[in-house]
Amino acid sequence: MKNIFYFIIISLLIFSCTVHQPQLDSSGMRSLYIHPSSGHKPDSAIESYINIYKEAIEKEMSKVLTYSEFAIEKSKPDGGLNQLVADMVLNWCEKQDFGEEGLEADFCLLNHGGVRKALPKGEIRVENIFELMPFENEIVIVQLSGEKVEEKFQFLAQNNDGHPISNASFEIINGKVENIKINNSALDKSKSYNVASIDYLMFGNDGMTFFVDNQKLFKTGVLLRDAYIEEIPNMKLDLYYPKNFKNRIIVK
């Protein structure tokens, strides 16, 4: 949380203090450690200026978005938090009007590594969403052929890394993918499907190279974290508690 705060403070200072300057030919940077016992005192003007932002940020970060009776955690091959984050993205996409250039998402796929921290029992605040998703990833919708979608599920079955999915399910039998379903219907390899995901995966990261060979790509311009903040108050969190959620990835 402290790292997030200082990142935001520095960003605000940079943008709020920008003025027209001559173009630099070169620049450099070095760090200087000042020991607490050196007698150095902080500049009161700068400290006062920072405190204005500090108070505003702390107020925003402390906003309560919803309440959970249990901690919601990720797991492998599937987990409550895995499902929640993917469902929030798909729900958010379904509410948007992207216009003629947009794509309507059929299902969602995110990456397990992008889910950084569990959601706590009790009040869930804005700061918890920043801890859950500290990266500046943008939501994208990628159109893939049915064959590429099958390749995607084969990848998920072989790696079994617990990547979050929404509106889809499959079984892993002896390390192979079986019974793939999208929107409760069997995968049709003759069709194309629109997958809600993030720009980080769009470039083939985390081994998801099937995203690179896409038929169409739509960038929403909205950060994943912002969609989480918008959607989580609307989610029925009890569906994602350990005793309630139903596996979408079933290993046999």
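Computed quantities for the displayed model
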{"item": "Pairs beyond 31 Å (Cα-Cα), from Lys117/Lys189; Lys95/Lys181; Lys117/Lys252", "result": "Lys117/Lys189"}
{"item": "For Phe135, net neighbour charge (Lys/Arg +1, Asp/Glu -1) across residues whose Cβ lies under 14 Å away", "result": "-3"}
{"item": "Added length on full extension, which subtracts the Cα-Cα distance from 0.36 nm per residue, Val222 to Lys117", "result": "35.7 nm"}
{"item": "Reciprocal mean inverse distance between Cα atoms of the stretch 65-251 - Kirkwood radius, Å", "result": "16.5"}
{"item": "When each of Lys74/Lys121; Lys121/Lys219; Lys152/Lys243; Lys191/Lys236 is checked by Cα-Cα distance, pairs over 25 Å", "result": "Lys121/Lys219; Lys152/Lys243; Lys191/Lys236"}
{"item": "Hits among aspartates and glutamates - C-alpha to C-alpha of Lys148 under 14 Å, sequence gap 8 or more where chains match", "result": "Asp188, Asp213"}
{"item": "Cα centre as origin, Lys/Arg/Asp/Glu Cβ charges: the stretch 65-251 dipole, Debye", "result": "560"}
{"item": "Spherically averaged projected area of the stretch 118-206 from its Cα convex hull (nm²)", "result": "7.3"}
{"item": "Length gained when the stretch Lys243-Asp43 is fully extended (0.36 nm per residue, less Cα-Cα span)", "result": "66.6 nm"}
{"item": "Cβ-defined net charge surrounding Leu144, 13 Å radius [Lys, Arg +1; Asp, Glu -1]", "result": "-1"}
{"item": "Residue (of Phe218, Gly207, Phe245) at the positive-pole extreme of the stretch 203-252, dipole from beta-carbon charges", "result": "Phe245"}
{"item": "Local electrostatic count, Leu217, Cβ distance below 12 Å [Lys/Arg +1, Asp/Glu -1]", "result": "-2"}
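Readers should treat all values here as calculations from the given coordinates under stated rules, not as data from a laboratory. This one's a predicted model, so the numbers in the text were calculated from it and none came from an experiment. In this analysis, Cβ positions are derived from the backbone assuming ideal geometry, glycine residues included, and neighbour counts consider all displayed protein chains.
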